[in-house]
Amino acid sequence: MEYPDARVPHPMQGFPQVCFIKNVVSNPNIIIGDYTYYDDPQDSENFERNVLYHYPFIGDKLIIGRFCALATGVKFIMNGAFHKMSGFSTYPFEIFGSGWERVMPNKGELPFKGDTVIGNDVWIGYEAVIMPGVKIGDGAIVAAKSVVVKDVPPYTVFGGNPATLLRQRFPDETIDVLLEIAWWNWNIEKITRNLEKIVGADIEALKKCV
């Protein structure tokens with residue numbers, strides 16, 4: 001049985017624009033699932049440049065599931081982007097030292113939204129921006145140039161700035177079944193055997209594959 005090798009950074013021979021980024025990300029706080037790809041004609045291997053303000057001393061994680069499609073210019077803003085907002089000035093005097101460190105924020109004074117978590121089989125469009133702590137559910141779609149500031153439920157389409165719900169992809173009962181089946185967790189041989197059902201829209205046929 002033939003199928004692409006998830007361990008190969010560039011699965012499309014002669015087309016380095018597409019990269020399975022699990023193979024090239026080195027930051028331990030960025031966790032990528034198998035077969036998730038980043039598409040970028042400039043440098044698809046340098047996905048980490050799109051994860052901004054991701055300082056190791058903060059400790060937040062970017063977690064992206066399996067079989068996600070990330071378009072060129074997708075940006076993830078992490079918690080290190082936040083400034084203290086409870087005082088009159090938001091300017092980060094303390095980072096420059098030389099005496100200004102005396103106004104270093106205390107623990108809990110800087111906003112912290114937690115980890116950013118992208119589910120499985122998520123499609124994020126061109127130059128979309130994902131803000132800190134956002135959770136995007138399995139099977140969701142984020143439209144190009146959207147700014148996502150709140151959680152995106154599974155199998156919905158979000159778009160705009162700020163991104164809002166445009167539509168739900170399937171009826172609730174179908175979504176419940178898809179989440180229970182979770183085909184992305186199958187082994188790759190089973191996925192390959194059942195591709196027609198996975199890319200189709202017959203939920204009864206997909207249920208039979210289980």
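The values are calculated or read from the model by the stated rules, or taken from the named source; none is laboratory data. No experiment lies behind these values; they were computed from the predicted model shown. No Cβ is skipped: glycine too gets one built from the backbone with ideal geometry, and neighbour counts run over all protein chains shown.
Number of residues in the range 132-141 that are over 23 Å from Phe112 (Cβ atoms) and either without any contact (Cβ under 8 Å) to a residue 60 or more places away in the chain or of a type in the set (S, T, N, Q) (or both) equals 3. Note on the range 1-112: enclosed strands (runs of 3 or more DSSP E) holding 3 or more residues that are of a type in the set (A, V, I, L, M) are 30-32, 62-64. Checking each residue in the range 136-158 for being surrounded by fewer than 20 Cβ atoms within 10 Å (Cβ to Cβ) and outside any loop (DSSP other than H, G, I, E, B) picks out Val147, Thr156, Val157. Only one entry of Gly125, Gly160, Gly139 meets the criterion of being touching a helix residue (DSSP H, G or I) at 6+ places or on another chain (Cβ under 8 Å), under 24 Å from Val74 (Cβ atoms), assigned by TED's automatic domain parsing to the domain that holds Val74 and not hydrophobic (A, V, I, L, M, F, W, C), and that entry is Gly139. Inside the range 53-88, residues that are closer than 19 Å to Ser26 by Cα and loosely packed, with under 14 Cβ neighbours inside 10 Å make up a count of 4. When Ile118 is tested against the conditions (1) surrounded by 15 or more Cβ atoms within 10 Å (Cβ to Cβ); (2) at pLDDT below 95, the lone failure is (2).
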